[in-house]
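Everything below concerns the one structure shown next.
Just so it is clear, none of the values below were taken in a lab; they were calculated from the coordinates. Source: prediction; values computed, not measured. Positions of Cβ are generated from backbone atoms using ideal geometry, with glycine treated the same way; all protein chains shown enter the neighbour counts.
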Amino acid sequence: MSTSTIHDIGYRHYDGKRLGRGYVLRSLYVHNLRAAFGLGRPARAKVMPFLLAAIMLLPAAGSVAAFGISKEPDTLIRYSSYAPTLSVIIAIFVATQAPVLASRELRFHVVPLYFSRPVGHLDFVLAKVGAMTTALFALIGVPVTVLYAGGLVTKMPDSSEQLLRYLGAMAGCVVFAFVLGAIGMVVSAFTPRRGFGVAAVIAVFMLSTTVVTIVQGIAETQTNFTLQGWAGLFAPFNLVDIVQVRLLGAQSSSVGIAPGIQGGIVALALCAAIVAGSVAVLYRRYRKAGLS
Amino acid sequence: MPIIAIQGLTMRFSGVTALNDLTLSVEPGVVGLVGANGAGKSTLIKILLGLLPPSAGTATVLGLDIARDGLRIRERVGFMPEYEALPPDISATELVVHMARMCGLPPTAARERAADTLRHVGLYEERYRPIGGYSTGMRQRVKLAQALVHDPQLVFLDEPTNGLDPAGRDEMLELIHRVGSEFGISVLVTSHLLGELERVCDHVVIIDGGRLLRSQAVEAYTEASGVLTVEVDEGRDLLGHRLYDQGVAVRPEGRFLLIDIAGESTYDQVRDGVAELGLRLIRMEQRRHRIEEVFAAEPAAAAPPSPVGPGGPAPGAPAPGGPAPGGQGGPVPGTPGQPGQPGQPVQPPSQGAPR
């Protein structure tokens, strides 16, 4: 290799600023958020996330266009049912991108490089979970915002009520992002090979939904609507929908919704437990990986 | 002030004692840590990074206590792990910049330091390509760069020459030497190859089975011994017999004659012998000790001698009279499963072994 243009000026010591924990946490969060969308990586890493984000936008754009032409309020998709309606796309996004965040650095043993630096174990997990949640919130929240903005532009009636519904739906999006992200991260952290990780996350979402739907179907034929409602707690999308319906004033988009305000509180508590539990599990997982 | 001071450090995992009452102190410079695989080298590094609490004992790194100041230690040291530790789908630049930021370097400084450090370890245009396409030698350089990017006061290099071919090994050793001398960063480098460390280290610590075998400056290992090596073109035995007849303690080893130096007259006797026999003298030099000899000399004193059955050496024990202590790059004697190496000798070496 020709080094004629490279002048070796010798080693220089660094005596500039060293920033603290907040900066490290922020850098880690941004790094993971970029990774969730394949930024800073080869082009093929960007294909899936951006393709899925585009698919997520299509129904919203179509719905706004249909409403603009027909002026029929029913053609505008309800904000709160956007995520349950497109649950398959969201599940695929979680399945392909959660392994990128949760298991890639485990598989290639990058984790010890972090923990031999002033990076805390909890900070490391919080940055990852935070980045995954933000990515999912953007994935779901942007199309919902498109719906709302489109409705405003095309003169949807009852704009003040629309705003309330929109804000409620955004709160629902946050819960969706937290719960789905947490489940996806934990599952993929225990399946280091990426292919298995994708399959495992998909399996968790699809199997839980299928089993719950079957149970709800049986309960419905026996006219046991209480069981039908409570069974919804065991499928992630249905679980968050219970929170939306009971606590955020949305209309139901699922087969069964647990009854009453206490149903909503139980569902919200379960969501919080899932997120806290996954942080705890990931903490232990990375701590162990940092020592291997 | 010692950069590393260890007091009675013991590390027990369930059923295994990785480190056993280790006490040592290390001054700034390039320090080698030698031991067979499983001797506890990597465990020691993790303890010194403050990541693994020891079962007993204390240690300080750069004057900071490992139990209380782990975070401050990790701000000041770098670590190059032994195994593959690089994500394949991002470029060396991206990784090293990110790791610099993980040490708190602001964005601009992180980019500058990453470019500088990658250049110092010898990565140029290829640093923009994804790491997945790198050779083993290039990967080792990236690993070294990420350990140096935040300008630490001390770096832990765990088996940096692992998996490299002889040329890559030489380049890596040269780099380590530069880190110590030119960059002014203290280095703790582990290896299971003694010859390598002999070349770059100021000080060598040898651990075996979690116990400290020896800790001293390299010169102390390689000081002159009282043995003269003589090589003649032909007629080795002729010269040997003649010297023996004159009462000189002489024994053959390979193509050489090893002669115990009794005084100045020994040199004269060799010279006269060669001249009178009309031989061509190729070499006459005072033999130096090798670090390897520690393993041949020490175990008898440090460890209780293994019981030897009447029928011969214990099963699995290396046969006495194997090849002479290996030259550079020979594996650590005493490694299990290395027959033929003069490992922990079950019988005291009589002839053939130095000293």
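Taking H placed 1.01 Å from N in the peptide plane, check which residues at least 5 places from B:ALA249 or on another chain put their amide H under 5 Å from its amide H.
Those qualifying (amide H under 5 Å, at least 5 residues apart or on another chain) are B:ASP260.
Could you give the size of the charge dipole of the range B:1-99 about its Cα centre, using +1 on the Cβ of each K and R and -1 on the Cβ of each D and E, expressed in debye and rounded to the nearest 20?
Details: 7 positive and 9 negative charges, 62 e Å.
Result for the range B:1-99 is approximately 300 debye, rounded to the nearest 20.
Rounded, prolate or oblate: pick one for the range B:129-202, where a ≥ b ≥ c are the square roots of the eigenvalues of its C-alpha gyration tensor, a/c under 1.5 means rounded, and failing that, prolate if a/b is larger than b/c, else oblate. Display every interim value, and only then the final one.
Working: a/c = 2.00, a/b = 1.16, b/c = 1.73.
Here the range B:129-202 falls in the oblate category.
Dipole magnitude of the range B:223-272 about its Cα centre, charges +1 at Lys/Arg Cβ and -1 at Asp/Glu Cβ only, in debye to the nearest 20?
Working: 5 positive and 11 negative charges, 24 e Å.
With only Lys, Arg, Asp and Glu charged at Cβ, the dipole is about 120 debye.
What fraction of the DSSP beta bridges in the protein assembly as shown is antiparallel, stated in percent and rounded to the nearest 5? Walk me through the numbers before you get to the answer.
Values: 37 of 55 bridges.
Just about 65 percent of them are antiparallel.
Tell me the angle of helix A:121-153 to the major Cα principal axis of chain A, expressed in degrees between 0 and 90 and rounded to the nearest ten.
In chain A, helix A:121-153 runs at an angle near 50 degrees to the longest axis.
Mind listing which trypsin sites (Lys or Arg not before Pro) in the range B:1-100 are in a DSSP loop and have 16 or fewer other Cβ atoms within 10 Å?
On the way: sites: B:ARG12, B:LYS41, B:LYS46, B:ARG68, B:ARG72, B:ARG74, B:ARG76; in loops: B:ARG68.
Loop-located and lightly packed - B:ARG68.
For a quick check, take a GNM of chain A with Cα springs below 10 Å and name the residue from A:SER254, A:SER70, A:SER87 with the largest mean-square fluctuation.
In the Gaussian network model the winner is A:SER70.
To the nearest 0.05, what FRET efficiency results for A:ARG21 and A:LYS46 with a Förster distance of 45 Å applied to their C-beta separation? If you can, show how the numbers build up before the last one.
Details: r = 31 Å, r/R0 = 0.68.
That pair, A:ARG21 with A:LYS46, gives E of 0.90.
Over chain A, what is the relative contact order in percent, taking alpha-carbon pairs closer than 8 angstrom and at least six residues apart?
Details: 383 pairs, mean separation 64.0, N = 292.
Computed value for chain A: 22 percent relative contact order.
Modelling each spin label as a point 7 Å along the Cα-to-Cβ direction, I'd like the A:VAL30/A:LEU167 distance in nm, to one decimal.
Reported label-point gap for A:VAL30 and A:LEU167 is 3.1 nm.
By how many nm would the segment from B:GLN153 to B:GLU125 grow when fully extended, if each residue of separation counts as 0.36 nm and the alpha-carbon distance is taken off? Before the final figure, lay out the partial values.
Numbers: separation 28, 0.36 × 28 = 10.08 nm, distance 2.82 nm.
Extra length available between B:GLN153 and B:GLU125 comes to 7.3 nm.
In the range B:192-250, which GluC sites (Glu not before Pro) are in a loop and have at most 11 other Cβ atoms within 10 Å, using DSSP for the loop call? Intermediate values should be presented prior to the final figure.
Details: sites: B:GLU196, B:GLU198, B:GLU219, B:GLU223, B:GLU231, B:GLU234; in loops: B:GLU223, B:GLU234.
Qualifying residues, ordered by number: B:GLU223, B:GLU234.
How would you rank A:VAL211, A:VAL275, going from fewest to most other Cβ atoms within 10 Å of each one's own Cβ? It would help to have the intermediate numbers written out before the result.
Values: A:VAL211 13, A:VAL275 18.
Neighbour counts put them in this order, fewest first: A:VAL211, A:VAL275.
Amide H of B:LEU33: which non-local residues (sequence gap of 5 or more, or other chain) have their own amide H closer than 5 Å, using H built in the peptide plane?
B:VAL189, B:THR190, B:SER191, B:VAL205
Using DSSP to define loop residues, name the trypsin sites (Lys or Arg not before Pro) in the range A:112-194 whose beta-carbon has at most 10 other beta-carbon atoms within 10 Å.
On the way: sites: A:LYS128, A:LYS155, A:ARG165, A:ARG193, A:ARG194; in loops: A:LYS155, A:ARG193.
Sites meeting the loop and neighbour criteria: A:LYS155.
For the range A:236-289 and the range A:210-229, compute the distance between their C-alpha centroids and round to whole Å.
Centre-to-centre distance over Cα atoms comes out at 19 Å.
In debye to the nearest 20, how big a dipole does the protein assembly as shown give about its Cα centre with +1 on each Lys and Arg Cβ and -1 on each Asp and Glu Cβ?
Numbers: 56 positive and 52 negative charges, 537 e Å.
Taking the Cα centre of the protein assembly as shown as origin, the dipole is about 2580 debye.
Relative to the longest principal Cα axis of chain A, at what angle does helix A:21-36 sit, 0 to 90 degrees, rounded to 10?
70 degrees
Points 7 angstrom from Cα along the Cβ direction at A:LEU207 and B:THR222: gap in nanometres?
6.1 nm
Counting Lys and Arg as +1 and Asp and Glu as -1, what is the net charge of the other residues whose Cβ lies under 10 Å from the Cβ of B:LEU258?
Values: positive: B:ARG251, B:ARG287; negative: B:GLU253, B:ASP260.
Taking every other residue near B:LEU258 into account, the sum is 0.
May I ask you to evaluate 6.51 cos²θ - 1.76 cosθ + 1.60, the Karplus curve with θ = phi - 60°, for each residue of the range A:217-224 and list the ³J(HN,Hα) values in order in whole Hz, giving x for glycine and proline?
x, 4, 4, 5, 5, 8, 6, 9
Going by the alpha-carbon gyration tensor, a ≥ b ≥ c the square roots of its eigenvalues, is the protein assembly as shown rounded (a/c under 1.5) or, if a/c is not under 1.5, prolate (a/b greater than b/c) versus oblate?
Working: a/c = 3.39, a/b = 2.59, b/c = 1.31.
Prolate.
For A:MET48, A:MET185, what's the fewest-to-most ordering of other Cβ within 10 Å of each Cβ?
Numbers: A:MET48 18, A:MET185 27.
Ranking A:MET48, A:MET185 by Cβ neighbours within 10 Å, fewest first, gives A:MET48, A:MET185.
What whole number of Å gives the distance from the Cα centroid of the range B:1-66 to the Cα centroid of the range A:9-74?
43 Å
Shape of the range B:4-220 from its Cα gyration tensor (a ≥ b ≥ c, root eigenvalues): rounded if a/c is under 1.5, otherwise prolate when a/b > b/c, or oblate?
Working: a/c = 1.79, a/b = 1.47, b/c = 1.22.
Prolate, because a/c is 1.5 or more and a/b exceeds b/c.
Taking a 31 Å limit on the Cα-Cα distance, which of the listed pairs A:LYS46/A:LYS155; A:LYS71/A:LYS128; A:LYS128/B:LYS46; A:LYS46/B:LYS46; A:LYS288/B:LYS143 fall beyond it? If you can, show how the numbers build up before the last one.
Values: A:LYS46/A:LYS155 36 Å; A:LYS71/A:LYS128 43 Å; A:LYS128/B:LYS46 24 Å; A:LYS46/B:LYS46 36 Å; A:LYS288/B:LYS143 21 Å.
In this structure, A:LYS46/A:LYS155; A:LYS71/A:LYS128; A:LYS46/B:LYS46 exceed 31 Å between Cα atoms.
Specify the inter-centroid distance of the range B:235-292 and the range B:100-163, based on alpha-carbon positions, in whole Å.
If we compute the Cα centre of each part, the gap is 51 Å.
Per the helix-only calculation at 222 nm, which mean residue ellipticity applies to chain A, given -39500 (n - 2.57) for every DSSP H run of n ≥ 4 and division by its residues, nearest 500 deg cm²/dmol? Intermediate results must be reported in sequence, preceding the final value.
Details: 12 runs with 216 residues, N = 292.
Helix contribution divided over all residues of chain A: -25000 deg cm²/dmol.
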